[in-house]
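Student: Encoded as structure tokens, here's the structure I'll be asking about.
The values are calculated or read from the model by the stated rules, or taken from the named source; none is laboratory data. Because the structure is a prediction, the values reported are computed rather than measured. Here Cβ is always computed from backbone atoms with ideal geometry, including for glycine, and neighbour counts include all displayed protein chains.
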Amino acid sequence: MIDQLDDALKEFLVRELPVRENEIDISFDQPRREWSARLNRPTLNLFLHDIRENAKLRSPQPGNQVTINGNLATLTRMPVRIDLHYMATAWARDPLDEHRILSRMLAAMFRFRSIPEEVVAQFVAGQENGVPIKLAQYDTQSGSDDLWSVLDNEVRPAIDMVLTMTIHPAVEVTLPLVREVDIQYNQLRPGQMTAKKKGGATAKGGP
């Protein structure tokens, strides 16, 4: 499902930057030194480096949603909202070209604040309200210094971006409804009491 969202994000950027005649490549690779050394065209890199549940959007309802139809009850696992943290960087021979790519990306993202539903629907289902985008905020900082150290590459201007998608974790389960409870009361005979004591603690006897 995340790979399908990548496709939707790429389609959105191609449309809104816009990208004409493949003038800019859009990549989701790790921006490692070996990767950047092979580039021969301006490239916008969207590196997914962190995935977390959005606890603020967690449903207050129980884990399963129950739908009753006659004598059957359908249990559906509630959707989960996931934050996908991307680090966006631009790669070109001229730093000014890199800045132009990042500027066009910022303008496109701030224009919509989400990937529109009609774009998302072409690639991934279950995103009825589109995919919200949180962009270039202080509370989304990725710790890029540490990332660049791990990636073993030179530091580049980076835009931190969080996309929130909905994941439907399970299929529906249909079960028969239990409408009656049968409780029986029986008196135990002395022989049954002795049998229940076997294997348990031994009662204290007489002298």
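Student: Would you check if VAL171 is at pLDDT below 65, in a loop (DSSP other than H, G, I, E, B) and more than 30 Å from ALA8 (Cβ to Cβ)?
Tutor: So VAL171 fails the test.
Student: Among all residue pairs at least 6 apart or on different chains, which show Cβ distances below 9 Å where the first residue, located in region 88-114, is touching a residue at least 12 places away in the same chain (Cβ under 8 Å) and over 18 Å from VAL155 (Cβ atoms) and the second is assigned to a loop (DSSP other than H, G, I, E, B) and of a type in the set (A, V, I, L, M)?
Tutor: Pairs that qualify, where the first residue is touching a residue at least 12 places away in the same chain (Cβ under 8 Å) and over 18 Å from VAL155 (Cβ atoms) and the partner is assigned to a loop (DSSP other than H, G, I, E, B) and of a type in the set (A, V, I, L, M), are ARG104/LEU17; ARG104/ILE24; MET105/LEU17; LEU106/ALA136; ALA108/LEU17; MET109/ALA136; PHE110/ALA136.
Student: Being over 19 Å from LEU84 (Cβ atoms) and either surrounded by fewer than 17 Cβ atoms within 10 Å (Cβ to Cβ) or free of Cβ contacts under 8 Å to residues at least 40 places away in the same chain (or both) is the filter here; which residues of region 15-34 pass it?
Tutor: ARG15, PRO18, VAL19, ARG20, GLU21, ASN22, GLU23, ASP25, ARG32, ARG33, GLU34
Student: Could you list all residues from region 116-138 that are of a type in the set (Gly, Ala, Ser) and either on the phi < 0 side of the Ramachandran plot or surrounded by 14 or more Cβ atoms within 10 Å (Cβ to Cβ) (or both)?
Tutor: The answer is ALA121, ALA125, GLY130, ALA136.
Student: Of a type in the set (Ser, Thr, Tyr) and at pLDDT below 95, is that true of SER59?
Tutor: Yes.
Student: Every residue in region 1-39 that is closer than 28 Å to ILE167 by Cβ and part of a loop (DSSP other than H, G, I, E, B), please.
Tutor: Once the filter is applied, which keeps residues that are closer than 28 Å to ILE167 by Cβ and part of a loop (DSSP other than H, G, I, E, B), region 1-39 yields MET1, LEU17, PHE28, ASP29, GLN30, PRO31.
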